[in-house]
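Working notes, beginning with the structure itself.
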2 protein chains.
Amino acid sequence: HEAGDLPSGDLDDPFRNDPTRLPALKVLKDKPFNAETPIELIPDNFLTPNELYYIRHHLPVPVVDPATYKLTIEDSTGATLASLSLSDLKSKFDAHEVVTTMVCGGNRRGALNDLAAVRGFKWGAGVLSTAKWKGVWLRDILGSSGIRNESDDIKHVWFTGLDTDFSQNYGGSIDIDRALDPRADVLIAYEMNGVEIPRDHGYPVRAIVPGVLGARSVKWLGHIRVSPDMSPALWQQGPAYRMYPAEVTWENIDQAEKPAPIEEWPVMSAICSHAPGAEIYAVDETVRVRGYAYSGGGRGINRVDVSADGGKTFTPARLLPRPSQPRGRVWAWTLWEAELPISVADSETELVCRALDSSHNVQPERPETIWNLRGLLNNSWHRVPVSIVVEDDDD
Amino acid sequence: HEAGDLPSGDLDDPFRNDPTRLPALKVLKDKPFNAETPIELIPDNFLTPNELYYIRHHLPVPVVDPATYKLTIEDSTGATLASLSLSDLKSKFDAHEVVTTMVCGGNRRGALNDLAAVRGFKWGAGVLSTAKWKGVWLRDILGSSGIRNESDDIKHVWFTGLDTDFSQNYGGSIDIDRALDPRADVLIAYEMNGVEIPRDHGYPVRAIVPGVLGARSVKWLGHIRVSPDMSPALWQQGPAYRMYPAEVTWENIDQAEKPAPIEEWPVMSAICSHAPGAEIYAVDETVRVRGYAYSGGGRGINRVDVSADGGKTFTPARLLPRPSQPRGRVWAWTLWEAELPISVADSETELVCRALDSSHNVQPERPETIWNLRGLLNNSWHRVPVSIVVEDDDD
Ligand SMILES: [Mo]
Ligand SMILES: [Mo]
């Protein structure tokens, strides 16, 4: 073979078994596959249809035989405490459902890269989706293996995927307190929006960690291990999901002085109804703006402010009806819409949105103030430049 | 009597039994007494000395006889389920301790009032303090009265104080989930920093609701009631502790459309070492800046950025050692200090600080973007204008 992209089906192509995807997805990379949910479709569905759910793969999609699938539960020495088949999971534990939004730490990275180069996919605002997951509580699985309390040997829970490049598998970890907290709703899932989890989303079993960035909701889950330490996986230990101060660059980065791994997204929001450069017709007199808002850690959205004059004035958006979720467990986004008057004084303007969460945190006004070398957690006010078109009657 | 202030000791003065206070407190009002902790002393003590703890009273300090004191636990009809003496509290329940920062919702209101008039005391940045409280878990008290789960009749827990103006008593409420959550650490306290709670801080018994603004930690606690509804008290129902959008004014306020009561402070920080107008000596070459950072809801502080050039460049501060608190239960502040080079190019500059919390929320850059008619939750970047004095050798 010559080097380069291999045709699908080629036995040397590690991605040859990847599933086919909907062309509507906004693809950033083919192998491994990485694609956004089309942002303009987001406000149409509180639960994202499975085939439109964003995809963030680090490795090829593994082929898992449900008949022989086993999830192993391991103690801090790596000894197997339990080995659970898919039917064990479905029959030995009570089933539960969680509706949660999942967000990639790189959502809206592209806008940080526009300020100064950052590493990672230059994502837009569509690297998030919402689903209803069904499965069993992680704490029930741990409890059945005798793990019911934090101890010196039990501080973290590792999730290791079956996806591999033969030198390493994808993995990540959460702390044991979150794993055991009945109010944290950490799920080991086998259904997504009422059907088997599609292969692209972790078939047959994945972790779902509500309120925490997507990287910890490990797909194709093969192993759960308790440990005194965090997962040794690259994606837990490396800079991929850590928020460095703006002063830190790839030249002066100190690998020994690492910020804590990111767990929860701060409050954020985005406009979905208009792409940059969209034309708004002045004859309509108002513009209907639609979007989403979300905050990590189970915090809900109290208010979304929207502007059609570049941020000079704001109007509270109408928050769309959504399933109620209890205090501190508002895992899913809030969709919203606003009808704003158009000022024809300027032919160019910006639509702007910003949200307030249930802890009264707000979004930063300028992305410059949160720039970081990995382009993570861009929750600055979302600005969409648009043109106001005054139509000529003679047209 | 003539109208006007009555001399202390006058039988007609409802405040005649108020305790004496340390003159170091920064007093905003005498009757009822309202005073800040002197901000310059804050960085000296992780636990604020009791006599320097901020005081925010709405009514006269009640005289409570510990020998006859009773805390009543009431069901949703108001029927008494239990009546607990001080010795009942100390003998019938296990004692626990919580270290928590408490913050008035009006901290730094003065700076919002500088933009446009707001109602309420024009507080500076010293309406917060930290103490180690000892008492019994609220959930243990509720449990001993048979209240162990949320139900249609049990959605909120009212706290009613013994302080009164004879038409109403001070009160507030929290939701039952927080009251029962073992990770929320809600305490019914009888000790403050190792001694009986001083009269100004709730003697003999008060509620301590960690991570929630001070208004819910009701002092001189007389009654705990469960209810399907929030407390009817003015301070729970009125606009005093609700965050209105900037567009809402006292002229256009819609009393029927109230934002949710504030529970948790967003991430915030302040400089304590320098008052506005302070002089910095260029000959020192660097300036040592000290302050505090805090976030509500048990979120810890990941980073504090400090600037000595008005916010053009920031340097991470050194976060001072503090007692470790578990994930999601970091109830107490983080004190910090930074040593920054002085630029003598400008004779006037601003010291600026801003914090990042464990959920990666940041503070808003400009107070204009969070202005609200009650001047609540001002967590904008803290800016302190200072002068740089270039001393003359001939002086
Ligand atoms: Mo991600
Ligand atoms: Mo307050």
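Of note:
- Fraction of beta bridges assigned by DSSP in the stretch A:265-392 that are antiparallel (%, nearest 5): 90 percent
- Chain A comes nearest to the axis taking it onto chain B at the Cβ of one residue; that residue and its distance, in whole Å, are A:Asn361, 2.
- At 7 Å out from Cα toward Cβ: B:Asp153 inter-copy label distances (nm, ascending): 4.7
- Estimated Rh, the stretch A:2-112: Kirkwood, alpha-carbon pairs, angstrom: 17.7 Å
- If you plug the beta carbon distance of B:Thr77 and B:Arg322 into 1/(1 + (r/R0)^6) with R0 = 35 Å, you get a FRET efficiency near 0.20.
- Taking amide H positions as modeled 1.01 Å from N, with prolines and chain starts lacking one, the residues under 5 Å from B:Glu350 and 5 or more places away or on another chain are B:Gly310, B:Val386.
- Debye intensity ratio in log₁₀ form over the Cα atoms of the stretch A:304-355, taken at each q of 0.17, 0.19, 0.21, 0.23 Å⁻¹: -0.60, -0.68, -0.77, -0.85
- Entries of A:Lys134/A:Lys219; B:Lys70/B:Lys134; A:Lys134/A:Lys155 with Cα pairs more than 23 Å apart: A:Lys134/A:Lys155
- Cβ-defined net charge surrounding B:Gly126, 10 Å radius [Lys, Arg +1; Asp, Glu -1]: 0
- Across all Cα atoms of the stretch B:86-162, the radius of gyration (one decimal) and Dmax (whole number) stand at 18.4, 52 Å.
- Here the spin labels are modelled as points 7 Å beyond Cα on the Cα-Cβ line, and at B:Val283 and B:Glu51 they lie 3.6 nm apart.
- Extension gain, A:Asp44 back to A:Asp94 (0.36 nm per residue minus Cα-Cα distance, nm): 14.8 nm
- Within chain B, helix-based [θ] at 222 nm, where runs of 4 or more DSSP H residues each add -39,500 (n - 2.57), nearest 500: -1500 deg cm²/dmol
- Buried surface between chains A and B: roughly 3100 Å² of accessible area, summed over both sides, computed with a 1.4 Å probe on protein heavy atoms only.
- Distance (nanometres) between label positions extended 7 Å along Cα→Cβ at B:Ala260 and A:Leu115: 2.9 nm
- Listed residue (B:Ile176, B:Ala355, B:Phe15) projecting farthest to the positive dipole end of the protein assembly as shown, Cβ model: B:Ile176
- Residues in the stretch A:171-186 carry Karplus couplings, in order, of x, x, 8, 10, 7, 4, 5, 5, 4, 9, 5, x, 7, 9, 6, 6 Hz; the curve used is 6.51 cos²θ - 1.76 cosθ + 1.60 with θ = phi - 60°, and Gly or Pro positions show x.
- Karplus 3J(HN,Hα) series, Hz, for the stretch B:296-302 with 6.51 cos²θ - 1.76 cosθ + 1.60 (x for Gly, Pro): x, x, x, 7, x, 9, 8
- Each 10 Å bin, from zero up to the one with the longest distance, holds this percent of the alpha carbon pairs of the stretch A:275-395: 13, 38, 30, 15, 4, 1.
- Here's how it looks for B:Arg303: its modeled amide H is under 5 Å from those of B:Leu356, which are all 5 or more places away or on a different chain.
- Summarised in one figure, the compactness ratio Rg/Rh of the stretch A:177-228, Cα atoms and Kirkwood Rh, is 0.98.
- Taking amide H positions as modeled 1.01 Å from N, with prolines and chain starts lacking one, the residues under 5 Å from B:Glu74 and 5 or more places away or on another chain are B:Leu81, B:Ile224, B:Arg225, B:Val226.
- Candidate aspartates and glutamates - alpha carbon under 15 Å from B:Lys122, same-chain residues fewer than 8 apart omitted: B:Asp30, B:Glu36, B:Asp114
- Cα→Cβ-extended label distance, 7 Å offset, between B:Trp250 and A:Ser85, nm: 7.3 nm
- Column: log10 I(q)/I(0), Debye, Cα scatterers of chain A, q = 0.06 Å⁻¹: -0.25
- Per residue, the convex hull spanned by the Cα atoms of the stretch B:216-305 amounts to 206 cubic angstrom.
- To put it simply, the accessible area of chain B at a 1.4 Å probe is 49 percent carbon and sulfur.
- Note on the protein assembly as shown: semi-axes of the ellipsoid equivalent to its C-alpha gyration tensor, largest first and rounded to whole Å, are 45, 34, 27.
- Note that the stretch B:248-263 has calculated 3J(HN,Hα) couplings of 7, 10, 5, 7, 9, 4, 9, 5, 7, 10, 9, x, 4, x, 5, 10 Hz, one per residue in order, obtained from phi through the Karplus relation 6.51 cos²θ - 1.76 cosθ + 1.60 (θ = phi - 60°); glycine and proline are x.
- Net length gained if the chain between A:Thr313 and A:Asp229 were fully extended (0.36 nm per residue, minus Cα distance): 25.4 nm
The values are calculated or read from the model by the stated rules, or taken from the named source; none is laboratory data. From a predicted model like this one, the values you see are computed outputs, not experimental measurements. Methodologically, a virtual Cβ is constructed for each residue, glycine included, from the backbone with ideal geometry; neighbour enumeration extends over all protein chains shown. We work out accessible area using only protein heavy atoms, side chains counted, and drop any ligands, DNA or RNA first. Shrake-Rupley method; radii C 1.70, N 1.55, O 1.52, S 1.80 Å.
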